[in-house]
Amino acid sequence: MKILVLEGDGIGPEIVAAAIDVLKATDHRFNLGLELETADSGLSSLEKNGSTIPEETWGKVTTADAVILGPADTAVYPAPIEGGINPSAKLRGGLDLYANIRPSKIRPGVPAHVEAMDLVIFRENTEGFYAVRNMHDGLGEFMPTEDMAIAVRRITRRCSERIARQACELAVQRRGLLSIVHKSNVLTMSDGFFVDICKEVASDYKLEVDEYFVDAMTALLVRKPDYFDVIVTTNLFGDIISDLAAELSGGLGLGPSVNAGDENAMAQAAHGAAPDIAGQNIANPTAMILSVGMLLDTLGIRHNRPELLEASKRIDKAVDAQLKEKGGRTPDLGGPLGTDAFGAGVAKKVKDGA
Ligand code: ATP
């Protein structure tokens, strides 16, 4: 099984290295037969190849079985025509990775802002307000005059149906509660459409279904986070509430995600490139490591390979054991460990059996 690694920018190379350390230990321990290959990406590739995702890298993306993508510092990228291609948008769109699955839970021993939470957010990944993703040609954001900027959002039946179905499939295996998050009181037509479709899909399942306006949801996530099970929402709302959920669980460095389509899958931490702490070996690689674990789970289900499922569980357990250990955390969680030492600790626990 071929896995392509794109390190990204900022803290990307550091957290990806820690995650690869863990993945190699897992591969060895469970005999997974993984082939890892790293390709040029991000700002280093822009300097070397004139593009953040050069043609050669894109060729490798399309032939790999799965991708591990480090965060990108897109805020400093030049325009796409000058080589500044947003890797996340390119891969999510190009591989049709329509479901961004972002779990957040309280992990033993980790100083969190709330007492109990174990939820999964399904964020639609291929349309919504994201200007580079929602048009066949051109951008969903434009300036008709120098004093006016307009952004349009696309919501389609197909994209809403498929994200809702993914969310329902997981909800029936968990506590059976699906919460739809939207803003249909002001985006009546588009979010109203999204909610109706989610309910339509959910009626095929034995589920309890409720719905919340996104503004109320930010309060409810703080007030009663333990109530929620599976949340389904549109692209931008999903991005925002998943950062909130990750922070409530202890910090942005804890939020993993997998981007899944029907054919492809990609591991990607929910947080960004954090340039303020890059190159200092202090970033928390937990989100990246757990994202790799989620990727193995996705591949295990898809290829019917129980050893991948087992390996994924082992990574999750090893992360918990590492986070629980005295002095076992990175500085963002009050610990003394460097990014590399945290990764090595998790890798050892995978090897030894946490
Ligand atoms: P993006 O829009 O690309 O997601 P962002 O602007 O939301 O990026 P992040 O890069 O996700 O910002 O992070 C915000 C801040 O949170 C960072 O500046 C950093 O201080 C902290 N942070 C993020 N990820 C980590 C991590 N893995 N470990 C430690 N701190 C982190």
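The values are calculated or read from the model by the stated rules, or taken from the named source; none is laboratory data. Keep in mind that this is a model prediction, so the values were computed, not measured. Cβ coordinates were reconstructed from backbone atoms using ideal geometry, including for glycine residues, and neighbour counts include every protein chain displayed.
Residues of region 31-56 being away from the ligand (no atom under 16 Å from the Cβ), in a helix (DSSP H, G or I) and surrounded by 19 or more Cβ atoms within 10 Å (Cβ to Cβ), which ones? Those that are away from the ligand (no atom under 16 Å from the Cβ), in a helix (DSSP H, G or I) and surrounded by 19 or more Cβ atoms within 10 Å (Cβ to Cβ): 45, 46.
Applying a threshold of 9 Å to beta carbon distances and a minimum spacing of six or more residues, or different chains, the list of pairs starting in region 307-331 at a residue that is in the same structural domain as residue 289 (by TED's automatic domain parsing) and among the charged types (D, E, K, R) and ending at one that is crowded, with 24+ Cβ neighbours inside 10 Å and outside any helix (DSSP H, G or I) reads 329/284.
Mind listing just one residue for me: the one in region 57-88 that is within 25 Å of residue 300 (Cα to Cα) and of a type in the set (A, V, I, L, M, F, W, C) and, of those, surrounded by the fewest Cβ atoms within 10 Å (Cβ to Cβ)? Of everything passing the filter in region 57-88, 58 is surrounded by the fewest Cβ atoms within 10 Å (Cβ to Cβ).
Residues that are more than 23 Å from residue 189 (Cα to Cα) and either in contact (Cβ under 8 Å) with a residue 60 or more places away in the chain or among the polar types (S, T, N, Q) (or both) within region 144-165 comprise just one, 145. Scanning region 306-354 for residues that are in a loop (DSSP other than H, G, I, E, B) and surrounded by 17 or more Cβ atoms within 10 Å (Cβ to Cβ) gives 328, 329, 330, 335, 337, 338, 354.
Out of 208, 161, one residue alone is away from the ligand (no atom under 16 Å from the Cβ), more than 22 Å from the chain's Cα centre (by Cα) and among the charged types (D, E, K, R). It is 208.
As a summary of the residue check, residue 213 satisfies the conditions (1) within 23 Å of the chain's Cα centre (by Cα); (2) without any contact (Cβ under 8 Å) to a residue 40 or more places away in the chain; (3) loosely packed, with under 15 Cβ neighbours inside 10 Å except for the one numbered (3). Checked against (1) of a type in the set (A, V, I, L, M, F, W, C); (2) part of a helix (DSSP H, G or I); (3) assigned by TED's automatic domain parsing to the domain that holds residue 277, residue 159 passes all but a single condition, namely (3).
Just one of the listed residues (287, 270, 246) is part of a loop (DSSP other than H, G, I, E, B) and within 11 Å of the ligand (Cβ to nearest atom), and it is 270. The listed residues are 195, 214, and the only one of them that is touching a His at 6+ places or on another chain (Cβ under 7 Å) and farther than 29 Å from residue 290 by Cβ turns out to be 195. Here residue 262 meets each of (1) under 22 Å from residue 128 (Cβ atoms); (2) in a loop (DSSP other than H, G, I, E, B); (3) within 11 Å of the ligand (Cβ to nearest atom) with one exception, condition (3).
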